[in-house]
1. For the chain, find the longest principal axis of its Cα atoms and tell me its angle to the long axis of helix 62-80, 0 to 90°, nearest 10.
2. In percent, what relative contact order does the stretch 208-284 have, based on Cα pairs under 8 Å that are 6 or more apart in sequence?
3. What do you get when you divide the Cα radius of gyration of the stretch 235-348 by 2.2 N^0.38 Å, with N the number of residues?
4. Remind me, relative contact order of the chain in percent, using alpha carbon pairs under 8 angstrom and six or more residues apart?
5. Given axes a ≥ b ≥ c from the Cα gyration tensor, I'd like to know whether the stretch 88-247 is rounded (a/c under 1.5), prolate (a/b larger than b/c) or oblate.
6. Step by step: find N for the chain, compute 2.2 N^0.38 Å, then divide the Cα radius of gyration by it. What's the final number?
7. Could you work out how far helix 345-357 tilts from the main Cα principal axis of the chain, as a 0 to 90 degree angle to the nearest 10?
8. Give me the count of lysine pairs in the chain whose alpha carbons sit under 14 angstrom apart, restricted to pairs 8 or more positions apart or on different chains.
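Values quoted throughout were computed directly from the atomic coordinates according to the rules given, and no laboratory measurement underlies them. Worth saying up front: this structure is predicted, and the values here are computed from it rather than measured.
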Amino acid sequence: MAKYDIIVVGMGIMGGAATYQAARRGLKVLGLEQFDQIGHTMGSSHGETRVIRQAYYEHPDYVPLVQDAWNEWKELERLTRQSLLVQTGGLMMGLPSSEVVRGAIAAAVAHQLPYEIWDAAHVMRRFPAFHVTAEEVAVWEPMAGYIKAEASLLAMVSFATSRGATIHTGENVLAMTSQSPNEVEITTNKDRYSAGAVILTVGPWATRWFPAWPLAVERQVPFWFDGPRLRAMTQYPIYIHENRQGQHTYGFPYIDGQGLKIARHHGGKITTIDTVQRKVVQDDKAALESTLDFLPDVLTSSVCREEVCLYTNSPDSHFIIGRHPQYHGHVIVGAGFSGHGFKFAPTIGRLLLDLAQNLHAAELPLFSPLRNAIQLH
Ligand SMILES: Cc1cc2nc3c(=O)[nH]c(=O)nc-3n(C[C@H](O)[C@H](O)[C@H](O)COP(=O)(O)OP(=O)(O)OC[C@H]3O[C@@H](n4cnc5c(N)ncnc54)[C@H](O)[C@@H]3O)c2cc1C
């Protein structure tokens, strides 16, 4: 049976990042992916682009993590000689009392981040495609942009293999056991392996592994639009708009060769990994369009691409990063990224690895599997 220092199960962005960090540390690492392709479209890490922003409205504790991740993305760019993070600035739009506006300001103030508050007239002068009402405002932050999604995953995995990592695709992990306190054994559809520690980053498939955990799979449908007016939006920032119903819609600048990607954040159907409707239907477009008063040019443009992607939500929308309560503490889980994990991936890969390498390393309380909302005893 082949033996490794670390086995990473699942090669989405989180597993890719853990494998990349393990290879940087010179560890003997095996990455296992059930599908034949790294960068497939069945999970959560596909779709060209992901938002990165620092004035983190969800919770100020994410700010140091995203600042760390920003540096990690830059390091990945340097190591792989690729452009992966595009800084565009970011605009959080809504009523002054909205979650995105209040939360972004709170995070910026708590961590002394550069930001500006713009009134509606200023927003529309700077970015005329946005139609915000007189009562709405926007928080502008320069340290925001987007990450190239599949390109980043492939960059991490190819860097890892160049440093000696082994990656097997088309190999489904069926079982894990830990007979001795120093080892975990993995059985796949093809072989058996052992490792000092296993990092389990299986995205929405975590619900299959751990049916009792409080995780919910949510179906999301980003759309890409094209049209003459949208082509004037190549220099736009990334943006999130919160409407009066509290619905969040986010988007990107127009990117040549891709179009303008825009989607709702949450509000999708709660489903399961086995029964999810993989086909995009008319209702998906209608649901998005109902939130687009702030960007009416999209309503007169045509769809050039559409995709189903999955969130795996934890009860409090914070990540689950920590030791599985079984397996003698040698299985480390990264799950429940709740639709906002990608931007942190290289940092999360490092945190997972720290836990895997050091049985005494502490979990971050915000992400602990033992916190009140989760309680995986
Ligand atoms: C539409 C959409 C938009 C998003 N936008 C943003 C954004 O703008 N910014 C942001 O920060 N985040 C965003 N996110 C969230 C982010 O993309 C996810 O948090 C992240 O991709 C989760 O990655 P993952 O590796 O945990 O899961 P996945 O990408 O699903 O990877 C899990 C992998 O495990 C493999 N696997 C599962 N079971 C097994 C097994 N038994 N054996 C072997 N392999 C297995 C799967 O095949 C898969 O490749 C978005 C998500 C979606 C869906």
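1. Once rounded, the angle reads 70 degrees.
2. 37 percent
3. Rg over 2.2 N^0.38 Å, computed on Cα atoms: 1.29.
4. 23 percent
5. Note, shape of the stretch 88-247 comes out prolate.
6. 0.99
7. Value to nearest ten degrees: 20.
8. Lysine pairs satisfying the spacing and distance rule in the chain number 8.
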